[in-house]
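The values are calculated or read from the model by the stated rules, or taken from the named source; none is laboratory data. None of the values given here were measured: they were computed from a predicted structure. Virtual Cβ from ideal backbone geometry, glycine too; neighbours counted across all protein chains shown. For the accessible areas, the whole protein counts, side chains as well, though only heavy atoms, and no ligand, DNA or RNA atoms are used. Shrake-Rupley method; radii C 1.70, N 1.55, O 1.52, S 1.80 Å.
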Amino acid sequence: MLGLMGSPDSTTSVVLSAAALPNVAPPPRFPTGRRSGRSRVRSWMKSYLREADAGSGEAASAADPSAALTAFGLRSDVLRRRIDDLDATDRARLALAAAWASGAKWLTLIDPFGSVPGHLRTGLRGRFAELVAQEGRGVVFSSNSLTDHAIAEAGVADIEKDQLVAFGSLEQIVTEPRGSLPAELSGVNVYSGLARKGWLSIGHSAVRARTELDGKVFVTLGWRAALLSLDEHDPAFTSATVFETIVTGLRDRGSCLQAKLSPVDTEMGLALDVDLADLAGVTDRPTDQAGFGVLHPGLGATITELRANVKVGTHVFVEVDTSALHAYPVE
């Protein structure tokens, strides 16, 4: 299995390119448009299998899809239903069953598990991986879910702006990201840096750290590897490298409130994304310094104070935990 992550346009074009090769089944896609979803599953399945025949040379359109439907938890009477009548999970099951029924040695899929709720997604993904392993088929699929890529035994390719940014195991892709998407998915900022004479520097900023590397590097910094305060002289700051930033954006991500920060002086600071608070109640600070979910007491002792104090345009002072900088060679 080969997993593709990146912008949907880029990954879809790669999946379709793979589908154009001999003996490869095309990705099952449902009709769009106001009336198209009213078509019967049986007619859609036959149409897909005819298309698969054209590329694979297999007699897929003559095959009985019942076994494939059963393999993915569907009853054969689903063929009599309309596509519009299927929920998102059954559509995903149907797409996998159709690809499987093609009999092709290689299957291609576009975000096959994206619409499946989490409590069902793991089981369906595991069932698919199990069948692929049993029959020795190949799969090229796209997804921007890290858990989906856990089944990509051949590796994961990060494709951004139609370019291959990185290729390797899922662990390599997320622990040493070379593109913005894996950095986002793994919760880190990623920068270009330079290691020279035992020191690691990022751009022209004053943020530096010791390193044994030499040459051009990538550097990551986690979303919680910095301390923020409204006070430049906050006693919680312990180093001389404190820089001023402006909040340029605020967003929710899971249970966290996050901010996008831009340095006032690029000779001193870094642009970075940071977690401001975690509404799951997690805090890295002692409870006598921070209230529920607060990660930076210097921004407010409670979530209410934080929301009142920090808005787009607010000036915030930052101290980076340089021990959390992770550098790795560009090559």
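Remarks
- Only one of GLY269, GLY254, GLY291 that is over 27 Å from ASP214 (Cα atoms), of a type outside the set (Val, Ile, Thr) and surrounded by 17 or more Cβ atoms within 10 Å (Cβ to Cβ): GLY291
Residues checked against (1) surrounded by 18 or more Cβ atoms within 10 Å (Cβ to Cβ); (2) touching a residue at least 24 places away in the same chain (Cβ under 8 Å); (3) over 20 Å from the mean Cα position of the chain (by Cα); (4) within 30 Å of SER10 (Cα to Cα):
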| site | (1), (2), (3), (4) |
| --- | --- |
| GLY168 | no, no, no, yes |
| LYS197 | no, no, yes, no |
| PHE243 | yes, yes, yes, no |
| LYS260 | no, no, no, yes |
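- Unmet requirement for PHE237, which otherwise passes all of (1) under 15 Å from ASN189 (Cβ atoms); (2) not in a strand (DSSP E or B): (1)
- Here VAL247, VAL190 are screened, and the one residue that is in a strand (DSSP E or B) and touching a residue at least 40 places away in the same chain (Cβ under 8 Å) is VAL247.
Conditions (1) over 18 Å from ASP53 (Cα atoms); (2) of a type outside the set (D, E, K, R); (3) within 22 Å of the chain's Cα centre (by Cα), marked per residue:
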position	(1), (2), (3)
SER76	yes, yes, no
ARG81	yes, no, no
TRP100	no, yes, no
LEU109	no, yes, yes
PRO112	yes, yes, yes
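- Meets criteria (in a loop (DSSP other than H, G, I, E, B), open to solvent by 60 Å² or more (accessible area, probe 1.4 Å) and farther than 30 Å from LEU299 by Cβ) for GLU212: yes
- Those residues of segment 144-160 which are in contact with a Ser or Thr (Cβ under 8 Å, 6 or more places away or on another chain) and either surrounded by 22 or more Cβ atoms within 10 Å (Cβ to Cβ) or not assigned by the TED database to the domain that holds GLY114 (or both), in sequence order: HIS149, VAL156, ILE159
- Sole exception among (1) modelled with pLDDT of 95 or more; (2) within 23 Å of LEU109 (Cβ to Cβ); (3) β-branched (Val, Ile, Thr) for VAL188, by number: (2)
- Some residue of segment 117-138 being of a type outside the set (Gly, Ala, Ser), under 15 Å from the mean Cα position of the chain (by Cα) and surrounded by fewer than 22 Cβ atoms within 10 Å (Cβ to Cβ): no
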